[in-house]
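My questions all concern the structure below.
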Amino acid sequence: MGRCIVCNKSAGPFYSLHKACFPAYENASRCIQHTLEDAVKSANRVDEVRQSVEACLPSRGFSPGLLATLVRRAWKEQATRLVRSKSLNPEYANNLLSIACALGVDDRTVAPDLFLKLSNIEYLACLQQGQRPLKAFSTGLDEFDMDAAESLLWVFEGVDKAGQKLPDKPGKWALMQTILNNQFKRSRYREQELEVRAQGKLAVTNQGIHYASEAETEKLGFTEIYAITPLADGVRIQPVYRDSRSSTYITGDGRFTYALLQYAQDQAGGLTAENPF
Ligand SMILES: [Zn+2]
């Protein structure tokens, strides 16, 4: 016998919600969505968001897991809306991260990429204004083989590097094109046409990119890059050498990675040794 998620009484086999309880469920869901939508717009309301959300529940008999489920869903909806929006709002993004903290929403139960994209919004806003994003990266940089004139701009951690598998039948090429056009999600890159070769760190400097994993360390200067293509979760980089295949770096935030590389490349175009960045 399933218990009704609203009144917590038996709802009969195969059911978890009484028909009569459905309006209460709908009201709670909508109330939580509105509460989060309001709190995103005001740092003051973030402090009281937990009480406001709890006030959305009917007074008694609500099953305990339901609050968490409705909160997660409402948070994910707000986060998705913010990271997809063309107009960047760092203040809202930071409020939403604080809300996640206040409500115990974490990236294991929602989506790690959403957290990453939200925390990158303030830096993306800098880049859009042509400003250098200022963030300190101190630990674990030894693995990059940087020269003395090189200055570090950013480090992406936990980056999958993938190469294209050569298609074994002609029909597969169409599928690969679809994937490269962002029709599929991150997991599909791994399973299907892109062969993941390594996971490591990607550093962006004033001279180019470095990639370091257990298997390899690699440097590609901006003059050695022919094209950079943005993907939903990363970028694809085509080197200038005719016989080299492109590599895909899956950072979790393609929009930001692409904007950062464009900025770095632009800056590198007008660089002198005395004036790095
Ligand atoms: Zn019920």
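Determine the gain in length on full extension of the stretch GLN238-GLU77; use 0.36 nm per residue of separation and subtract their C-alpha separation, reporting nm with one decimal. Display every interim value, and only then the final one.
Details: separation 161, 0.36 × 161 = 57.96 nm, distance 3.46 nm.
That pair, GLN238 and GLU77, stretches by 54.5 nm at full extension.
Using the structure shown, list the pairs from LYS117/LYS201; LYS86/LYS135; LYS41/LYS135; LYS76/LYS117; LYS19/LYS76; LYS135/LYS219 with a Cα-Cα distance above 20 Å, or answer none. Let's see the in-between values first.
Numbers: LYS117/LYS201 17 Å; LYS86/LYS135 23 Å; LYS41/LYS135 25 Å; LYS76/LYS117 12 Å; LYS19/LYS76 26 Å; LYS135/LYS219 22 Å.
Checking Cα-Cα distances, LYS86/LYS135; LYS41/LYS135; LYS19/LYS76; LYS135/LYS219 exceed 20 Å.
What is the fewest-to-most order of CYS4, CYS126 by other Cβ atoms lying within 10 Å of their Cβ? Could you put the intermediate results ahead of the total?
Working: CYS4 23, CYS126 19.
Going from sparsest to densest Cβ surroundings: CYS126, CYS4.
Also: Listing LYS19, LYS161 from the residue with the fewest other Cβ atoms within 10 Å to the one with the most, what is the order?
Details: LYS19 9, LYS161 22.
Lowest to highest Cβ neighbour count: LYS19, LYS161.
Just rank ILE121, ILE250, fewest to most, by other beta-carbon atoms within 10 angstrom. Intermediate values should be presented prior to the final figure.
Numbers: ILE121 24, ILE250 27.
In increasing order of surrounding Cβ atoms, one gets ILE121, ILE250.
If I take R0 = 41 Å and measure r between the Cβ atoms of GLN129 and SER16 in this structure, what FRET efficiency does the formula 1/(1 + (r/R0)^6) give, to the nearest 0.05? Don't jump to the answer; show the numbers that get you there.
Working: r = 49 Å, r/R0 = 1.20.
Efficiency computed from Cβ-Cβ geometry: 0.25.
Right, another one. Give me the percent relative contact order of the range 1-107, please, defined on Cα pairs under 8 angstrom at least 6 residues apart. Working shown, then result.
Working: 122 pairs, mean separation 30.2, N = 107.
Over the range 1-107, the number comes to 28 percent.
Let me ask something else about it. Taking θ as phi - 60°, what are the ³J(HN,Hα) couplings along the range 143-152 by the Karplus curve (6.51, -1.76, 1.60), each to the nearest whole Hz, with x for Gly and Pro?
6, 8, 9, 8, 8, 4, 7, 8, 10, 7
Read-outs throughout are calculated quantities, based only on the coordinates presented, and are distinct from any laboratory measurement. The shown structure was predicted, so the numbers you read here are calculated from the model rather than taken from an experiment. With ideal geometry, Cβ positions are generated from the backbone for all residues, glycine too; neighbour counts draw on all protein chains shown.
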